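Asker: Got a structure for you, questions after.
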Amino acid sequence: MCLCTASLDRCSRCDVLLGLPGLHLTDVDATDESVVLDVEACDSLTGCPGCGVIPTGHGRITVTLIDAPSAGRPAHLRWRKHRWICREPACPVVTFTEQNPQVAAPRALLTSRAVSWAIRQLRYE
């Protein structure tokens with residue numbers, strides 16, 4: 001259970017409907033043609049994947065992923081990912097972004113939900 005929904009005035013019910021672990025829904029842009037969901041993660045501590053040292057924040061980048069359709073409309077997920085800098089001089093990793101394999105694979109264009117949806121569609125055909 002994430003405690004930042006209360007402190008940041010986020011709707012925990014919207015996060016439940018979103019169904020993506022560790023991400024919060026910040027905005028929705030729905031038109032007749034498509035749905036765009038803006039999400040971001042909590043400001044949690046993480047370790048450098050190279051050495052385990054706690055990194056320094058270096059802003060955020062926005063990654064747009066294709067998501068499973070929502071209410072019969074194409075959907076996109078705009079994920080504002082944390083960017084981190086490892087301050088350990090001996091570490092080969094200089095910067096990295098947050099990853100969540102339950103949402104999408106690293107450098108993926110599709111969310112895990114979109115992949116599952118596509119596989120289900122192929123099975124029914």
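The values are calculated or read from the model by the stated rules, or taken from the named source; none is laboratory data. Quick caveat, the model's predicted, so the values are computed rather than measured. Note that we place each Cβ from the backbone using ideal geometry, even for glycine, and neighbour counts take in every protein chain shown. Just so you know, the surface numbers come from the protein's heavy atoms only, side chains and all, with ligands and any DNA or RNA stripped out. Shrake-Rupley method; radii C 1.70, N 1.55, O 1.52, S 1.80 Å.
Asker: Computed FRET efficiency, Cβ-Cβ of Gln99 and Thr26, R0 22 Å: what is it to the nearest 0.05?
Answerer: Numbers: r = 19 Å, r/R0 = 0.87.
Computed FRET efficiency for Gln99 and Thr26 comes out at 0.70.
Asker: Another one. Taking Cα pairs under 8 Å and at least six residues apart, what relative contact order does the chain come out at, in percent?
Answerer: Result for the chain is 19 percent.
Asker: Taking the chain as the reference, fit the longest principal axis to its C-alpha atoms, fit the long axis of helix 112-124 to the helix C-alpha atoms, and give the angle between the two in degrees, 0 to 90, nearest 10.
Answerer: 30
Asker: Using only DSSP helix segments of four residues or longer, with each worth -39500 (n - 2.57), what per-residue ellipticity at 222 nm results for the chain after dividing by its residue count and rounding to 500?
Answerer: Values: 3 runs with 24 residues, N = 125.
After summing the helix terms and dividing by residue count, I get -5000 deg cm²/dmol.
Asker: State the dimensionless ratio Rg/Rh of the chain (Rg: radius of gyration of Cα atoms; Rh: Kirkwood radius).
Answerer: Reported Rg/Rh, Kirkwood definition of Rh: 1.02.
Asker: I would also like to ask the following. Can you pull the percent of the stretch 28-124's accessible area that's carbon plus sulfur, 1.4 Å probe, other chains left in place? Don't jump to the answer; show the numbers that get you there.
Answerer: Values: 3350 of 6060 Å².
Heavy-atom surface of the stretch 28-124 belonging to carbon and sulfur, 1.4 Å probe: 55 percent.
Asker: Subtracting the Cα-Cα distance from 0.36 nm times the residue separation, let me have the gained length for Ile119 to Ser70 in nm, one decimal.
Answerer: Numbers: separation 49, 0.36 × 49 = 17.64 nm, distance 1.64 nm.
Contour length minus the Cα-Cα distance gives 16.0 nm.
Asker: Can I ask one more? Roughly what % antiparallel, to the nearest 5, for the DSSP beta bridges in the chain? Provide the component values of the computation, followed by the final result.
Answerer: On the way: 22 of 29 bridges.
Percent antiparallel among DSSP bridges in the chain is about 75.
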